[in-house]
Amino acid sequence: MLEVKNLTKTLPNGRRLLDGISFKVKKGEFVGILGSSGAGKTLTLRCLNGLLKPDSGSVIIRDEHDRPLDICKINKRELRRVRQKIGVIFQGYHLVKRLSALENVMIGKLGQINTFRSLFYGFTDTEAEQALKALDKVKMSELAGSMTGNLSGGEMQRVAIARAIFQSPTLLLADEPISNLDPSNAKTIMKMIKPLSEHMPVIGVFHQPEMTAKYCSRVIAIKEGKIIYDGDPKLSNKRLEEIYGEELELIEQQEHLLAAIAK
Ligand SMILES: Nc1ncnc2c1ncn2[C@@H]1O[C@H](COP(=O)(O)OP(=O)(O)OP(=O)(O)O)[C@@H](O)[C@H]1O
Ligand SMILES: [Mg+2]
């Protein structure tokens, strides 16, 4: 369970970047965050894993002993410990290209094993086996030994998901995980992310309302740092216009184009 309460962030010039963001997400939910460019989606996600401290508000998660912890208030050491249990998938993959797919998955746990072992990449056989299982879940075990730099965009994104799975997180965050994938790969990735929400709350930022309608259990829309919608993932055209304004036409054009390419 994740509880976000009243996050605010204001620039010195008075511009409100986040303006009272509040929501709760339970295990079993796959929440898609939508909103036009600059709305505050990434800033919100950054607050959720402690990369950004809001001016006020709190982000409450449960630690391994089921005690509530406010990510915005804990010290750096505690934050490091908590972040090991937050899986993050980024648009740009954040993978080390010169390492193999398997090594990239294992890196996800470096923060969790002791420093001496991690200095020598000292993973146990059991850990290697679990990393392979994670790759198998995203249908990448055959490419486990391939150099990551040689993989396609879709394959790299699957490695990034395997890395998050291997971390056995209690919360999964994804910032535009399908943005630079073709429609078919984007669907594959959505199908792989969705079932993970059975084990933990999953929150993803997307620019494709048709994808969140199909795969997410709930949609939150942010505009100018405020939540303007929180509910059913299927959005009416009127709602989409409210969320995207003039950007909507551009999105529709892109979707037509992508659909034409996919055929
Ligand atoms: N460190 C910063 N200093 C000043 N402004 C910032 C900073 N970080 C983000 N912003 C501004 O805050 C606003 C929200 O940024 P954010 O990255 O959350 O947008 P977003 O909704 O993720 O957009 P996109 O869809 O383009 O990724 C933007 O206008 C951005 O320029
Ligand atoms: Mg963003």
### Task
Being in contact with a strand residue (DSSP E or B) (Cβ under 6 Å, 6 or more places away or on another chain) and not in a loop (DSSP other than H, G, I, E, B) is the filter; apply it to the range 187-201 and report the residue that is surrounded by the most Cβ atoms within 10 Å (Cβ to Cβ).
Ser197
## Note on the structure
Of the conditions (1) of a type in the set (A, V, I, L, M, F, W, C); (2) in a strand (DSSP E or B); (3) over 24 Å from Lys73 (Cα atoms); (4) within 15 Å of ligand 2 (Cβ to nearest atom), the single one that Val31 does not satisfy is (4)
### Task
Read through the list (1) crowded, with 18+ Cβ neighbours inside 10 Å; (2) in contact (Cβ under 8 Å) with a residue 60 or more places away in the chain; (3) over 17 Å from Leu45 (Cα atoms); (4) within 14 Å of ligand 1 (Cβ to nearest atom), then give the number of the only condition that Leu173 fails.
(3)
### Task
For Val4, indicate whether it is within 16 Å of ligand 1 (Cβ to nearest atom) and in contact (Cβ under 8 Å) with a residue 40 or more places away in the chain.
yes
#### Entry: Options Val88, Val59, Val25, Val4; residue that is of a type outside the set (Phe, Trp, Tyr) and within 16 Å of ligand 2 (Cβ to nearest atom)
Val88
### Which numbered condition Gly204 misses (of (1) under 13 Å from the mean Cα position of the chain (by Cα); (2) at pLDDT below 95; (3) not in a loop (DSSP other than H, G, I, E, B))
(2)
### Query
Which residue pairs have Cβ atoms closer than 7 Å, lie 6 or more positions apart in sequence or on different chains, and pair a first residue in the range 41-56 that is closer than 16 Å to Arg80 by Cβ with a second residue that is open to solvent by 50 Å² or more (accessible area, probe 1.4 Å) and away from ligand 1 (no atom under 12 Å from the Cβ)?
Asn49/Arg83; Gly50/Arg83
#### Entry: Complete set of residues in the range 36-94 that are more than 16 Å from ligand 1 (Cβ to nearest atom), among the charged types (D, E, K, R) and open to solvent by 80 Å² or more (accessible area, probe 1.4 Å)
Arg62, Glu64, Asp66, Arg67, Lys73, Lys76, Arg77, Arg80, Arg81, Arg83
### Message
Any residue at all in the range 37-46 that's within 16 Å of ligand 2 (Cβ to nearest atom), closer than 19 Å to Gly204 by Cα and in a strand (DSSP E or B)?
### Response
no
### Message
Any residue that is within 15 Å of ligand 1 (Cβ to nearest atom) and crowded, with 19+ Cβ neighbours inside 10 Å - is there at least one of those in the range 22-29?
### Response
no
### Query
Taking the range 200-224, which residues are of a type in the set (A, V, I, L, M) and in contact (Cβ under 8 Å) with a residue 60 or more places away in the chain?
Met200, Val202, Ile203, Val205, Met211, Val219, Ile220, Ala221, Ile222
### Message
Restricting to the range 156-186, give me the number of residues that are part of a strand (DSSP E or B) and small (Gly, Ala, Ser).
### Response
1
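The values are calculated or read from the model by the stated rules, or taken from the named source; none is laboratory data. Treat the numbers as computed from the prediction; the structure is a model and nothing was measured. With ideal geometry, Cβ positions are generated from the backbone for all residues, glycine too; neighbour counts draw on all protein chains shown. Keep in mind that these areas ignore ligands, DNA and RNA; they rest on the heavy atoms of the full protein, side chains included. Shrake-Rupley method; radii C 1.70, N 1.55, O 1.52, S 1.80 Å.
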